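First the structure, in the form of structure tokens, and then the observations on it.
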Amino acid sequence: MTTLTLTERCARAEAWHEHARQTLDTLDPLVRQSAQGVGLIAPWDHFTRGIRAHFAEEEDVLFPALRTVDQGAPPP
């Protein structure tokens, strides 16, 4: 079994994030069509805003710090 570096794991996580974002983009119109009038739009919007913010924070802060550590430097 090959052990992945932090940099490689970050790249995999970012690829997964992109796949998840594309899935959300595909689901969004379907949810909006199906959920109108049943009170699910607000929770759906809350979820999608939260997960997108979560991904952005990891990509902007966490992953760069992990890559820095992987290169032998202290995190910023």
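Summary table below
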{"item": "Accessible area (Å², 1.4 Å probe, nearest 10) - LEU27", "result": "70"}
{"item": "Rounded to the nearest 10 Å², the accessible area of THR2 at probe 1.4 Å", "result": "110"}
{"item": "Using θ = phi - 60° and Karplus 6.51 cos²θ - 1.76 cosθ + 1.60, couplings along region 61-71 (whole Hz; Gly, Pro as x)", "result": "10, 5, 4, x, 5, 5, 5, 4, 4, 4, 8"}
{"item": "Estimated FRET transfer efficiency when R0 is 30 angstrom, pair ALA73-ASP28 (beta carbons, to 0.05)", "result": "0.15"}
{"item": "³J(HN,Hα) computed for each position of region 41-54 - Karplus, 6.51 cos²θ - 1.76 cosθ + 1.60, integer Hz, glycine/proline x", "result": "5, 4, x, 4, 4, 4, 4, 5, 4, x, 5, 5, 5, 4"}
{"item": "Relative contact order computed over the chain (Cα-Cα under 8 Å; 6+ residues apart), in percent", "result": "45"}
{"item": "Spread of Cα-to-Cα distances over 5 Å intervals beginning at zero, given as percent, for the chain", "result": "3, 15, 19, 17, 13, 11, 9, 7, 5, 2, 0"}
{"item": "Tilt relative to the chain, helix 6-35 - C-alpha long axis, 0 to 90 degrees, to 10", "result": "0"}
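The values are calculated or read from the model by the stated rules, or taken from the named source; none is laboratory data. Everything quoted here is computed from the prediction, not taken from an experiment. As a convention, Cβ positions derive from the backbone with ideal geometry for all residues, glycine included, and neighbour counts pool all protein chains shown. Heavy atoms of the whole protein, side chains included, go into the accessibility calculation; ligands, DNA and RNA do not. Shrake-Rupley method; radii C 1.70, N 1.55, O 1.52, S 1.80 Å.
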